[in-house]
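Below: one structure, written as structure tokens.
Quick note: the coordinates plus some simple rules give every number you see, no bench work behind them. All values derive from a computational prediction rather than experimental measurement. Positions of Cβ are generated from backbone atoms using ideal geometry, with glycine treated the same way; all protein chains shown enter the neighbour counts.
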């Protein structure tokens, strides 16, 4: 593709953008299949009694996804976005097979290591490629659509797998669904996805950036994103706590509700409500953040999540209260999720975007690791409700951190290699 044919914008790249939206729905469905079933499989099929043991699959998933995000961001400009997307789908193919034949829980944990690599590569590249296509003006909307599709896929797969688990063996549902989703996602990516390197080069040349800028090193980006720049570090910690919440919703809530007597379809409904509200809401919140800025939506979203978790903690596993909590938690997450990535992209030059988002997604997905460990240990020590209350308090503190630390001007754009 020549430079004259490359244009930035959502409308100008509508077909490729829509394709990436659809592919990310399949990426999300790979996780959604496990949302309402895998913790129960750990208890019922493998006889696990410890919350830490059950949630070990989330810890393994989070570690694999975090480090893959880090590598994907660093390699995106060298290897190519499309190639990393295809590699990501290739890692998804063995996941259903390992779950199908695994004689011990360790095989399920190993499958989730591969699933983490799949998500770290495939989801990361759909995010970065959409940002590449639309340019700076509608970045929040683009991310809202991307995350909405991904978590819409999570929600549909979670609700459907919970319903089917009441009619068929839960393990069979995950295996059959995972195989179908992985094959479709890989086929669409191979046949129709194009790389977006030319769009990055065009934005770097035509925007308010130095056309001769080179991507910063991973060490430079890691330092800037982790602690040196307030605009980046505040987002990184909020992303980590947000996914700590997600680990709780994924791993502990099904066990919490089952202990209270909820049925598999009821657990599937609650598990599906949270990402459904989250997914749909992001279309609006991403666009809204383009208009009013990022900081206030992030703060409001983290505090809303804290309120939702506080309600869940005192619900005594009552299904209708848990359903309301899931809706509120989804609304809070919708305010935060696309806005955090948009804020990171705002704060760096185009050539630094992939590596910066890779480091952000590293810290964000370390929230799965922290969540699996913290939630499991506290639940084993004092109970499910108390574990949820601890996470609610951490979420409120995270929102206050953003309020104090994050600059209000989302137009602060510079390379991580050269902080202001």
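Against the main long axis of the alpha-carbon atoms of the chain, helix 319-346 sits at an angle near 20°. Would you mind checking the tilt of helix 14-35 against the longest principal axis of the Cα atoms of the chain, expressed as 0 to 90 degrees and rounded to 10? Tilt of helix 14-35: around 30 degrees. Computed log10 I(q)/I(0) for the range 259-339 at 0.23 Å⁻¹: -0.96, from the Debye equation with unit scatterers placed on every C-alpha and solvent omitted. When both the range 244-292 and the range 9-31 are represented by their alpha-carbon centers, they are found 22 Å apart. What is the angle, in °, between the Cα long axis of helix 384-405 and the longest principal axis of the Cα atoms in the chain? Nearest 10 is fine, range 0 to 90. For 384-405 against the chain, the angle is about 20 degrees.
Cα-based values for the chain, radius of gyration first and Dmax second, are 20.1, 63 Å.
Here the simple spin-label model places points 7 Å from the Cα toward Cβ, and for residue 404 and residue 44 these points are separated by 4.6 nm.
Contact order, relative form, for the range 10-405: 28 percent (alpha carbon pairs under 8 Å, 6 or more residues apart, mean separation divided by residue count).
Each of residue 228 and residue 214 was given a label point 7 Å from its Cα along the Cα-to-Cβ line. The distance between the two points is 1.6 nm.
Starting from the Cα gyration tensor of the range 363-410, take the square roots of the eigenvalues, sort them a ≥ b ≥ c, and report rounded, prolate or oblate (rounded when a/c is under 1.5, otherwise prolate if a/b is larger than b/c, else oblate). Note, shape of the range 363-410 comes out oblate. Taking 7 Å steps out from each Cα toward its Cβ at residue 137 and residue 192 produces label points 2.6 nm apart. Neighbour counts of other Cβ atoms within 10 Å put 289, 56 in the fewest-to-most order 56, 289.
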